[in-house]
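**Student:** Right, I'll just put the structure down here and ask away after.
Just so you know, all these numbers are worked out from the coordinates, no wet-lab data involved. Just so we're clear, the structure is a prediction, and the values are computed from it rather than from any experiment. Note that we place each Cβ from the backbone using ideal geometry, even for glycine, and neighbour counts take in every protein chain shown.
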């Protein structure tokens, strides 16, 4: 635990409190927007690891892997809450699940082959593009009346699963705007995305655990690229807050929900890109 011993106990206590607050915000966002909380957790963990002086070579990988692990219980809790309120589409979930899972497996295994700066750039660029799309009026952003079937739907699912795993997010960041592009109701998209988060996070976490085994420079208390200390501090409040976000989602105007989604994505993506570039 040499990395922790170089810091003042009060500073470390503040760090723990910040991680707990991150879990609270991430839980609300998971229930509200179906994003699994990763859009909040990844940049916060990245900056926390920077403050701790963690090796730059493993910093982003550890943030992504830990975020994916926290999404497992959060997505399960959020999906149950949305299903209870009729906001989850089982048929759509079944049609997307196989390809999303396959993409997540490839993303998890391929994460070890990608440089940390590249992971940060992927996070920032994709999130910023999604933010711009979600900020547009819904009638302008629709590409078709419904989601395509067959191989095209499979390709969409695989891209969502793969990119979401590399970004350390639960799938809603990509699946919600994609479903919106095909004229799918936002509340049903959010509810279904929360379940996709579970399908993405399980194989994604396993891949980052496997690829990070034995790698030097990781934070103490880590299994592969998943830090158990960060997981333990974030998850309890995330689970507590996820149902609150789900309740809010069903009482908010859809247009306002899109605006909130776009705002959070824009802020986090710009911050990440600035860190990668400078």
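**Student:** Per residue, how big is the convex hull of segment 156-278 when only Cα atoms are used? Give it in Å³. Intermediate results must be reported in sequence, preceding the final value.
**Tutor:** Values: hull volume 15.9 nm³, N = 123.
Cα-based convex hull of segment 156-278, divided per residue, equals 130 Å³.
**Student:** Something else about it: Just to confirm the number: angle between the C-alpha axis of helix 90-110 and the first principal axis of the chain, 0 to 90 degrees, nearest 10?
**Tutor:** Helix 90-110 sits at roughly 30 degrees to that axis.
**Student:** Same structure again: Using alpha carbon coordinates only, what is the Rg to Rh ratio of the chain, with Rh defined as the Kirkwood radius? The partial results should precede the final answer.
**Tutor:** Working: Rg = 17.5 Å, Rh = 18.2 Å.
Rg/Rh: 0.96.
**Student:** Follow-up question, since we're still on this one. So what does the Cα-only Debye profile of segment 154-206 read at q = 0.15, 0.20, 0.24 Å⁻¹, as log10 I(q)/I(0), no solvent term?
**Tutor:** -0.35, -0.60, -0.84
**Student:** OK, next. Taking the chain as the reference, fit the longest principal axis to its C-alpha atoms, fit the long axis of helix 172-181 to the helix C-alpha atoms, and give the angle between the two in degrees, 0 to 90, nearest 10.
**Tutor:** Here the helix axis deviates by roughly 20 degrees.
**Student:** Now for a separate question. Given a Förster radius of 25 Å and the C-beta distance between residue 250 and residue 183 as r, what FRET efficiency does 1/(1 + (r/R0)^6) yield to the nearest 0.05?
**Tutor:** Values: r = 20 Å, r/R0 = 0.80.
Efficiency at R0 = 25 Å is approximately 0.80.
**Student:** Further question on the same structure: Tell me, in nm to one decimal, what length is gained between residue 275 and residue 129 on full extension, where the rule is 0.36 nm per residue of separation less the Cα-Cα distance?
**Tutor:** Numbers: separation 146, 0.36 × 146 = 52.56 nm, distance 1.76 nm.
Result for the pair: 50.8 nm of gain on full extension.
**Student:** Would you mind ranking 72, 234 so that the residue whose beta carbon has the fewest other beta carbons within 10 Å leads the list? Mind dumping the intermediate values first?
**Tutor:** Numbers: 72 20, 234 29.
By the 10 Å Cβ count, ascending: 72, 234.
**Student:** Right, next: Using helices alone, I'd like the mean residue ellipticity at 222 nm for the chain: each DSSP H run of four-plus residues gives -39500 (n - 2.57), total over residue count, nearest 500. If you can, show how the numbers build up before the last one.
**Tutor:** Working: 12 runs with 217 residues, N = 278.
Only helices count here, giving -26500 deg cm²/dmol.
**Student:** Next question, about the same structure. Once you sort the root eigenvalues of the Cα gyration tensor of segment 66-144 as a ≥ b ≥ c, which label holds: rounded (a/c under 1.5), prolate (a/b larger than b/c) or oblate (the other case)? Spell out each step's value before the answer.
**Tutor:** Values: a/c = 1.80, a/b = 1.16, b/c = 1.55.
Note, shape of segment 66-144 comes out oblate.
**Student:** Oh, and also: Just to confirm the number: angle between the C-alpha axis of helix 151-167 and the first principal axis of the chain, 0 to 90 degrees, nearest 10?
**Tutor:** Helix 151-167 sits roughly 20 degrees off the main axis of the chain.
**Student:** Taking the simple approach of a point 7 Å from Cα along Cα-to-Cβ for both residue 159 and residue 97, what is their distance in nm?
**Tutor:** 2.4
**Student:** In Å and on Cα atoms, what radius of gyration and Dmax does segment 217-278 show?
**Tutor:** Just the Cα atoms of segment 217-278 yield Rg and Dmax of 16.5, 46 Å.
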